[in-house]
1. Got a sec? What order do S10, S46 fall in by accessible area at 1.4 Å, biggest, i.e. largest, first?
2. Assuming R0 = 35 Å, can you tell me the calculated FRET efficiency for the pair V2 and D99, based on Cβ-Cβ distance, to the nearest 0.05?
3. Please compute the contact order of the chain in relative form: average sequence separation of alpha-carbon pairs under 8 Å and at least six residues apart, divided by the residue count, as a percent.
4. Please determine, in degrees from 0 to 90 and to the nearest 10, the orientation of helix 20-47 with respect to the longest principal axis defined by the Cα atoms of the chain, where the helix direction is its Cα long axis.
5. Could you tell me which label, among (1) 11.7; (2) 12.4; (3) 10.8, carries the value of mean projected area of the Cα convex hull in nm² calculated for this structure?
6. Can you give the charge dipole size of the chain about its Cα centre, rounded to the nearest 20 debye, using +1 on the beta carbon of Lys and Arg and -1 on the beta carbon of Asp and Glu?
7. Taking 0.36 nm per residue of separation and subtracting the Cα-Cα distance, what length does fully extending V20 through S37 add?
8. With a 1.4 Å probe and every protein chain left in place, work out the accessible area per residue of the chain in Å², rounded to a whole number.
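The values are calculated or read from the model by the stated rules, or taken from the named source; none is laboratory data. Note that this is a predicted model, so its numbers are computed, not measured. Glycine gets a Cβ as well: all are built from the backbone with ideal geometry, and neighbour counts include every protein chain shown. When the accessible area is computed, the model is the full protein with side chains, heavy atoms only, and any ligands, DNA or RNA have been set aside. Shrake-Rupley method; radii C 1.70, N 1.55, O 1.52, S 1.80 Å.
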Amino acid sequence: MVAAEAMGYSTSRKIFKHLVPNVMPQLTVQMSLSLGSMILYEATLSYLNLGVKAPYAAWGTMINIISTNQDILQNHLNVWVPAGVCIVIAVLGFNFVGDGLRDALDPKARR
């Protein structure tokens, strides 16, 4: 940035040529890593009846409706287990993608 300033570049050129390319990888990784947390937050709030309400589909709402009936909960695993498995797969998938992006876009780990 000091060299760009010494060459007389405008502020917008310094931002878009030097600052944005160095910040975008960190923003991309942070967004992909926080997506798993957001899925867990939404599922938890829906399970507690604080999120998406019953007529709309949400994984937490599906598990909440089934948890009120003990017969379904104990004898019919095929009704509620897929929602829980989907939550786990989605969260792990986004976390693995975020870790992979962090490793791929890390400027200090270049070989």
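1. Numbers: S10 60, S46 0 Å².
Ranked from most to least accessible, the order is S10, S46.
2. Details: r = 34 Å, r/R0 = 0.96.
That gives a FRET efficiency of 0.55.
3. Values: 86 pairs, mean separation 33.0, N = 111.
30 percent.
4. That works out to roughly 10 degrees.
5. Label of the calculated value: (3).
6. Details: 8 positive and 6 negative charges, 123 e Å.
Dipole of the chain, to the nearest 20 debye: 600 debye.
7. Numbers: separation 17, 0.36 × 17 = 6.12 nm, distance 2.57 nm.
Between V20 and S37, full extension yields 3.6 nm more.
8. On the way: 8160 Å² over 111 residues.
I get 73 Å² per residue for this part.
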